[in-house]
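Q: Just dropping this structure here.
The values are calculated or read from the model by the stated rules, or taken from the named source; none is laboratory data. Only a predicted model underlies this, so the values are computations on that prediction, with no experimental measurement involved. No Cβ is skipped: glycine too gets one built from the backbone with ideal geometry, and neighbour counts run over all protein chains shown. Remember, those area values only see protein heavy atoms, side chains included, never the ligands or the DNA or RNA. Shrake-Rupley method; radii C 1.70, N 1.55, O 1.52, S 1.80 Å.
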Amino acid sequence: QVQLVESGGGLVQAGGSLRLSCLASGIIFRLYAMGWYRQAPGKQRELVATITSDGSTKYADSVKGRFTISRDNAKNTVSLQMSSAKPEETAVYCCRATILSHEIWGQGTQDTVSS
């Protein structure tokens, strides 16, 4: 079964850290580009960070220097290390796998940053 399952979400205080993970199954993980996206209440979904199949990374300007995306192809996992969290980053965080025109989305995990 092809699926992405996120974990690690929860409640963190402003300025704190949180690590999200996304476990992929049913795909040849190492061939896929992976990304983390978030959607805050009442707002559009936005890209947070991406990592290509060869490990190149990109970040939204708002998270550069604070968030780190990484992947472990042996464990079919992509992670997002979040630090110096801000209350406005409270959102549902989803991971996405892409290859050519094919994409897969996880269901997301809720992260709440308290002020």
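Q: Give me a count of the residues in the range 47-95 that are under 16 Å from Ser17 (Cα atoms), open to solvent by 20 Å² or more (accessible area, probe 1.4 Å) and hydroxyl-bearing (Ser, Thr, Tyr).
A: 6
Q: Follow-up. Taking the conditions exactly as written (in a strand (DSSP E or B), under 19 Å from Ser7 (Cα atoms), in contact with a Pro (Cβ under 7 Å, 6 or more places away or on another chain) and open to solvent by less than 20 Å² (accessible area, probe 1.4 Å)), does Val113 satisfy them or not?
A: Spelling it out, Val113 is indeed in a strand (DSSP E or B), under 19 Å from Ser7 (Cα atoms), in contact with a Pro (Cβ under 7 Å, 6 or more places away or on another chain) and open to solvent by less than 20 Å² (accessible area, probe 1.4 Å).
Q: Tally the residues that are farther than 15 Å from Ala74 by Cα and without any contact (Cβ under 8 Å) to a residue 60 or more places away in the chain, restricting the search to the range 1-34.
A: Adding up the residues that qualify gives 1.
Q: Shifting gears a bit: Restricting the search to the range 71-110, which residues are part of a loop (DSSP other than H, G, I, E, B), in contact (Cβ under 8 Å) with a residue 24 or more places away in the chain and within 13 Å of Met34 (Cα to Cα)?
A: Asn73, Asn76, Gly106 - these are the residues of the range 71-110 that are part of a loop (DSSP other than H, G, I, E, B), in contact (Cβ under 8 Å) with a residue 24 or more places away in the chain and within 13 Å of Met34 (Cα to Cα).
Q: Of the numbered conditions (1) more than 23 Å from Gly16 (Cα to Cα); (2) within 14 Å of the chain's Cα centre (by Cα), His102 satisfies every one except a single condition; which is it?
A: Answer for His102: the failing condition is (2).
Q: Can you pull out the residues in the range 20-46 that are surrounded by fewer than 14 Cβ atoms within 10 Å (Cβ to Cβ), within 19 Å of Ser114 (Cβ to Cβ) and of a type in the set (D, E, K, R)?
A: Scanning the range 20-46 gives a single hit, Lys43.
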